[in-house]
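Remarks on the structure that follows.
Every number in this text was worked out from the coordinates using simple rules, so none of it is lab data. Predicted, not measured: the structure shown is a model, and the values here were computed from it. Methodologically, a virtual Cβ is constructed for each residue, glycine included, from the backbone with ideal geometry; neighbour enumeration extends over all protein chains shown.
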Number of protein chains: 2
Amino acid sequence: MKNISTENYLSEIYKLEQSKIKVKTNIIAKKLDISNAAVTDMLKKLSSNGLILYERYKNIQLTKKGKDYAAVIVRRHRIWEIFLNQIVGLPWDKVHDEAHRLEHSSSDELIDRIEEMLNYPEFDPHGDPIPAKDGSIPKLKESTNLSKVKIGEWGKVIRVNDYDNEFLNYLSRIGLKLGKKITVKDKLNFDNSLLIKIGDKQINISGKLASNIFIDLN
Amino acid sequence: MKNISTENYLSEIYKLEQSKIKVKTNIIAKKLDISNAAVTDMLKKLSSNGLILYERYKNIQLTKKGKDYAAVIVRRHRIWEIFLNQIVGLPWDKVHDEAHRLEHSSSDELIDRIEEMLNYPEFDPHGDPIPAKDGSIPKLKESTNLSKVKIGEWGKVIRVNDYDNEFLNYLSRIGLKLGKKITVKDKLNFDNSLLIKIGDKQINISGKLASNIFIDLN
DNA sequence: ATTAAAATTTAAGTATCCTTAAATTTATAT
DNA sequence: ATATAAATTTAAGGATACTTAAATTTTAAT
């Protein structure tokens, strides 16, 4: 185990790489809510520790070593999330923050034991894949951003972004969970909002909200 | 939540006060495995934060504020220990270190939820009492140090010291658990060792080992 | 009561990770 | 192509929590 700060940088970079987003100083600073200068400082350290490839002003990449380490942290995080949700009974919008703290404080033995208890899950409560011990990642089903779904089409919720608790809490309140069937009834160009059907309710949601929800179409 | 270091100082001081041991720089340094100079430094900070009463060269005492905070940390630690032992199935000698990390990374909501799952336990897997949310402490049954038990007397294991994993692991291996009946068969002045009966086995244990085990006599 | 040993504090310095402000480099718009 | 905006880095500095070495105070032994 290294320090918490290193672990946070690595897992942010890892998640950005997984999302095919170019990793730059700026975006790391925003994700971690610290100054760009602090990020530059730290990138040099991570680089000299062989965890990332870094050249001034260029994009950042994890090395094999950095990626392996990051996968361990992301794995811990997502296993904790399921555990907290399923075994402890914490709601959707609480598990992320709690897991974010716990991920830095748990031994591999504990994580493995919890994983076993959960019967080796592949996806966390938000639909994100859980890296295996060897760093391999369960394949995500193809999904469509809800904001791109056309009027009349329907599908099941397969993943939601997990970075905003207010968003997650709102989803819970409107009954939107993983696996729920959603039909797009109408789309308003005026404000990019969507009229969707969940269960027997029809709800209007903003385009921004929709863009954080991913659907398995058909 | 303050920082981890502060929490570690406070819970060590708290545990020393509970054991009626005078709290001095030296003993804190030993418990936390850091230099005396570092402890002096930190004591000044804790004092200026109103968490302890501190005068140069004098004994240290928690203030009300410090004691309340320490009780929260000790509570978190001991609740995690039971959870890890009973729910997750970690062995006796693993729960302390794991709980020691987790105690700094868990919200009150999580601890309360776990406490509820465990049905409001009063003692942790080593027999130590769990401070309640209001800081009150379940009363310990009167106990006798095993090294003080006379030949022929017997009783049940009610508490063991939890600071050495090798010790705890050894207890597990000889089948010594909380609640087990122990009879003192013989004591050797030569090396202060004891011959004890546990279950149907007779074992010789050192005086030092015995002094870390506490018995409910009769 | 005096002295030696032990405990404690002070002093000076280090590593980590952050800050703001200024300087530099890169990207974008026309 | 060049000006301007945006991104990034450098520089200087701060808080935290350590370290070792030296100085001081307390404790314990005789």
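Around the Cα centre of the stretch A:4-66, unit charges on the Cβ atoms of Lys, Arg, Asp and Glu (plus for the first two, minus for the last two) sum to a dipole of about 240 debye. Placing +1 on the Cβ of every Lys and Arg and -1 on the Cβ of every Asp and Glu, with no other charges, gives chain A a dipole of roughly 780 debye about its Cα centre.
Exactly which chymotrypsin sites (Phe, Trp or Tyr not before Pro) in the stretch B:29-110 are in a DSSP loop and have at most 16 other Cβ atoms within 10 Å? Taking the stretch B:29-110 and a limit of 16 other Cβ atoms within 10 Å, the loop chymotrypsin sites (Phe, Trp or Tyr not before Pro) found are B:Y57. From helices alone, chain B scores -12500 deg cm²/dmol at 222 nm; the rule is -39500 (n - 2.57) for each run of n ≥ 4 DSSP H residues, then divide by the residue total.
Shortest first, B:A38 label-point distances to identical copies amount to 2.3 nm, with the label point at 7 Å from Cα along Cα→Cβ. Of all beta-carbon atoms in chain B, the one sitting closest to the axis that brings chain B onto chain A gives B:S105, 2, with the distance in whole angstrom.
If a/c stays under 1.5 just call it rounded; otherwise compare a/b with b/c (prolate if a/b is bigger, oblate if not). Do that for the protein assembly as shown, with a ≥ b ≥ c from the square roots of the Cα gyration tensor eigenvalues. Prolate. For chain B, the fraction of alpha-carbon pairs lying more than 27 Å apart is 39 percent, rounded to a whole number. Measuring from a point 7 Å past the Cα of B:D68 along Cα-to-C-beta, which residues in the stretch B:116-133 have an amide N at less than 15 Å? Counting only backbone N, you get B:132-133.
Dipole of the stretch B:144-217 computed with +1 at Lys/Arg Cβ and -1 at Asp/Glu Cβ about the Cα centre; of B:V149, B:L217, B:I203, farthest Cα towards the positive end is B:L217. Modelled label positions at A:S47 and A:D164, each set 7 Å beyond Cα in the direction of Cβ, lie 3.4 nm from each other.
The trypsin sites (Lys or Arg not before Pro) of the stretch B:41-83 meeting both criteria, a DSSP state outside H, G, I, E and B (loop) and at most 14 other C-beta atoms within 10 angstrom of the site's C-beta, are B:R56, B:K58. Let me know the shape class of the stretch A:4-66, please: from the alpha-carbon gyration tensor, a ≥ b ≥ c as square roots of the eigenvalues, rounded when a/c is under 1.5, otherwise prolate if a/b is greater than b/c, or oblate. Note, shape of the stretch A:4-66 comes out rounded.
Here is how far apart the B:R56 label points are across copies: 4.8 nm, shortest first, using a point 7 Å from Cα toward Cβ.
Which of rounded, prolate or oblate describes the stretch B:144-217 when judged by the alpha-carbon gyration tensor and an a/c cut-off of 1.5? Here the stretch B:144-217 falls in the rounded category. You can think of it this way: the chain between A:I27 and A:I203 has 60.1 nm of extra reach, that is 0.36 nm per residue less the Cα-Cα gap. Look at the stretch B:83-89: the mean tally of other chain Cβ atoms within 10 Å of its residues' Cβ atoms is 3. Loop-located GluC sites (Glu not before Pro) in the stretch A:1-96 (DSSP state not H, G, I, E or B) with no more than 11 neighbouring Cβ atoms inside 10 Å: A:E55. With Cα atoms defining each centre, the stretch A:172-218 and the stretch B:161-196 are spaced 63 Å apart in the structure.
Structure note, pairs A:K181/B:K133; A:K20/A:K201; A:K94/B:K141; A:K133/A:K201; A:K31/A:K156: Cα-Cα distances above 31 angstrom occur for A:K181/B:K133; A:K20/A:K201; A:K94/B:K141; A:K133/A:K201. Put a plus charge on the Cβ of each Lys and Arg, a minus charge on the Cβ of each Asp and Glu, and nothing anywhere else: the dipole of the stretch B:144-217 about its Cα centre is then about 240 debye. Sorted from nearest, the other copies put their B:L217 label points 8.0 nm away, the label point being 7 Å from Cα in the direction of Cβ.
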